[in-house]
Amino acid sequence: PEAWPERGEIEMTNANMRYRPELPMVLKDSSIDIHGGEKLVIVGRTGAGKSSLATAIYRLAELSWGQIIIDGLNIKHVPLPMLCSIISIVSQDTALFQVMIQSNMDPFGEYTDVELWNVLHQVCIKDNSIV
């Protein structure tokens, strides 16, 4: 749909996923609800499934069972280019561009310096950064 998504709600229900048929499940009966506009940080030990969750949402690997719904539409029916254009995930191995931190944090200039400083303070890196 042209106006999709409207709210940005993501509902993953009973998702099971493996990278190849002979490999074990990396997601097992996984469910999560993310409300539209909500920012979510996923942390965990190595092998806990953080990257696998992102892989499932981006449909880089198909679910063996279960579903992922964004605003009422099962993502298996969404063309991959469209799906990738509406989802933003910041990886643990994110490459920053060699520009000011301000440009990395706010590439479209939507926030004030005060708002950016507040974010840096909230994530405990304000004193180590130059905006």
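The values are calculated or read from the model by the stated rules, or taken from the named source; none is laboratory data. What you are looking at is a predicted structure, and each value in this text was computed from that prediction instead of being measured. So basically every Cβ, Gly included, is an ideal-geometry build from the backbone, and we count neighbours across all protein chains shown.
Tell me yes or no: at least one residue of the stretch 8-29 is in a loop (DSSP other than H, G, I, E, B), modelled with pLDDT under 90 and among the aromatic types (Phe, Trp, Tyr).
no
Take the stretch 38-66 and flag every residue that is closer than 17 Å to residue 84 by Cα, of a type outside the set (A, V, I, L, M, F, W, C) and either surrounded by fewer than 12 Cβ atoms within 10 Å (Cβ to Cβ) or in contact with a strand residue (DSSP E or B) (Cβ under 7 Å, 6 or more places away or on another chain) (or both).
52, 62
Cβ-Cβ under 8 Å, sequence separation 6+ or interchain: first residue in the stretch 75-96 and assigned to a loop (DSSP other than H, G, I, E, B), partner modelled with pLDDT under 80. Which pairs?
The qualifying pairs are 96/104.
From (1) surrounded by 13 or more Cβ atoms within 10 Å (Cβ to Cβ); (2) touching a Phe, Trp or Tyr at 6+ places or on another chain (Cβ under 9 Å); (3) not small (Gly, Ala, Ser), pick out the condition that doesn't hold for residue 80.
Just one mismatch for residue 80, condition (1).
For residues that are small (Gly, Ala, Ser) and part of a strand (DSSP E or B), tally how many sit in the stretch 32-68.
Residues of the stretch 32-68 that are small (Gly, Ala, Ser), as a first pass: 36-37, 44, 47-49, 51-52, 54, 56, 61, 64, 66.
Imposing the further condition that a residue be part of a strand (DSSP E or B) reduces the set to 66.
Result for the stretch 32-68: 1.
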